Amino acid sequence: MTDPDERLYAWALLARAALVSPAAVHASLAAHGPLDAAERIATDARDSRFGPLNREMAEQDLLRADRAGARLLTRDDPGWPSALADLDTIGAHAPIALWIRGPGQLNLLTERAVAVVGSRAATGYGEKVATHLATGLARHDWTVLSGGAFGVDAAAHQAALDAERPTVAVLPAGLHRLFPHGNAYLLARIEETGLLLSEYPPGVEPSRPTFSARNRIVAALAAGITVPEAGLRSGTANTVRWANKLHRPVTAVPGPIDSAASRGCHEFIRTGQATFAVDTQDVLDAITR
């Protein structure tokens with residue numbers, strides 16, 4: 001009988017090691033299982049990315065998580081969502097484990113989830129559309145999933161909370177603090193009934209790569225993606241590309257033809273990356289057809 005703490009420690013070590021070499025960790029995990037794979041990584045003297053330092057870091061990750069009120073959700077946990085495995089089928093790397101805060105059960109919350117994503121510098125129009133769509137989705141018993149950022153993300157999360165539905169935020173940093181700080185109150189409210197999650201251990205700060213990497217998790221966890229507003233250079237385009245690769249339906253809402261804030265949505269529709277949507281029913285029709 002395996003000690004649960006020993007198994008959790010092994011997963012924490014693998015999750016930490018995967019930040020520097022996901023391919024090697026995935027291969028070792030597939031070949032040897034979590035306990036043996038973790039031991040091999042911790043004693044590997046040939047690869048400078050691995051070795052005893054991984055033991056120390058995994059121990060610190062678990063301690064920091066405990067202090068932050070976070071826990072580690074692993075692939076062998078009943079709450080692990082099977083949808084994440086779709087990332088492996090397209091040659092991407094699904095997260096080894098996820099750090100989470102909140103009472104929600106991720107697999108249940110994401111059985112019926114729609115990602116509402118878009119510009120951080122949203123206009124009043126974009127926030128209004130995000131609120132309208134997220135409210136409709138919540139009232140139809142769909143979980144609103146987003147990234148916890150300013151603008152469209154915040155409006156979508158807030159609408160779900162106002163509809164008294166749990167919502168899920170996928171964050172680009174460790175859960176040792178609520179990021180972004182300006183949304184700390186909103187994120188704390190999300191944590192009360194839903195979930196905050198990250199593939200990054202507590203202590204990891206946000207960076208350009210972590211913002212991009214979290215988009216694949218948003219796309220994989222959702223049954224579909226809807227974009228209320230996004231500019232041409234918005235990071236939302238990265239989430240849309242992941243959704244297209246994963247065959248998740250994408251909808252986008254058009255805006256004023258002279259609004260730079262909606263040019264990304266127009267481009268997604270024009271190029272066939274997304275279909276046209278003006279209300280919640282359009283979003284649901286795209287997902288369920």
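The values are calculated or read from the model by the stated rules, or taken from the named source; none is laboratory data. Keep in mind it's a predicted model, so treat the numbers as computed, not measured. FYI the Cβ positions are ideal-geometry reconstructions off the backbone, even for glycines, and counts take in every protein chain you see.
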| Wholly within region 171-289, helices (runs of 4 or more DSSP H) carrying at least 2 residues that are of a type outside the set (A, V, I, L, M) and at pLDDT below 95 | 208-221
| task | Filter region 31-66 down to residues that are among the charged types (D, E, K, R) and either touching a residue at least 60 places away in the same chain (Cβ under 8 Å) or touching a strand residue (DSSP E or B) at 6+ places or on another chain (Cβ under 6 Å) (or both), then give me how many there are. | result | 2
| In the set Arg7, Arg16, which member is charged (D, E, K, R), buried (at least 19 other Cβ atoms within 10 Å of the Cβ), within 17 Å of Ala65 (Cα to Cα) and modelled with pLDDT of 90 or more? | Arg16
| Only one residue in Ala121, Ala113, Ala184 is of a type in the set (Gly, Ala, Ser) and surrounded by 17 or more Cβ atoms within 10 Å (Cβ to Cβ). Which one? | Ala113
| query | Looking at this structure, is Ala173 of a type in the set (Gly, Ala, Ser) and surrounded by fewer than 20 Cβ atoms within 10 Å (Cβ to Cβ)? | reply | no
| remark: Val116 vs (1) assigned by TED's automatic domain parsing to the domain that holds Thr251; (2) in contact (Cβ under 8 Å) with a residue 40 or more places away in the chain; (3) over 18 Å from Leu171 (Cβ atoms): all pass except (3)
| Matching entry among Asp88, Asp47, Asp66 (being under 16 Å from Ser28 (Cα atoms) and not in a loop (DSSP other than H, G, I, E, B)) | Asp88
